[in-house]
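Right, one structure below, let's go through it.
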Amino acid sequence: MTNWRAVGIGLAVEFVLGIVGLIVPGVGQFVAGLVGGFVAGYRAGGTVGSGLWHGLLAGSLGGFLLAIPVGIAVSVASIEVGILGQLGSLLAGLGTMLFVLVVAVVLGANSALGGIIGSLVDAGRSRAAPRNSRNRPKDADHTTAAAEYEESSSPRLTDTILDGRR
């Protein structure tokens, strides 16, 4: 299942770093994709496949969001210049579409690598984390006393709702 919040956070990080990365065009976009994918994979947690998926989604969406303004500018400029008439506008539109796809694939692949690294870092962190009711194993007995999980004896409202306790 896709954690859209993790994808959104990774996308936001990638978008901001992508704009800042325009100062150093090649390296800046690479780092933006890698860091955005890392954040998405880390926030989503889970397996390496989950990190890859969330990083890929954040990178691809980020690629489209960064490429669309450029594509629109090229299309509008080709209509205004109109050197080749209708054929020129058609070629500019097809070139813009190809540009958007290439940028999305490049940023998506880069972010997928970052997502894998983020999920591996999260897996290492969750193994060393102390046990409490928020990160107890899925197969844990839900009738176990809350004091065993380093919390007070009264469960939080969200724990009560999620666990089905009354």
Fill in the blank from the handout: Residue by residue through the range 9-24, the couplings from Karplus 6.51 cos²θ - 1.76 cosθ + 1.60 with θ = phi - 60°, in Hz, x for Gly and Pro, are 5, x, 5, 5, 4, 5, 5, 5, 5, x, 5, 5, x, 5, 5, 10
Fill in the blank from the handout: Normalised per residue, the volume inside the convex hull of the alpha-carbon atoms of the range 4-129 in Å³ amounts to 93 Å³
Completion exercise
Least to most buried among Val103, Val74, by other C-beta atoms within 10 Å and fewest first, runs Val74, Val103
Fill in the blank from the handout: Most exposed to least, judged by fewest other Cβ atoms within 10 Å, Val20, Val13, Val100 sort to Val20, Val100, Val13
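Here, each number is a calculation from the coordinates, and none is a lab measurement. Just so it is clear, the model here is predicted, and its values are computed rather than measured. Note that we place each Cβ from the backbone using ideal geometry, even for glycine, and neighbour counts take in every protein chain shown.
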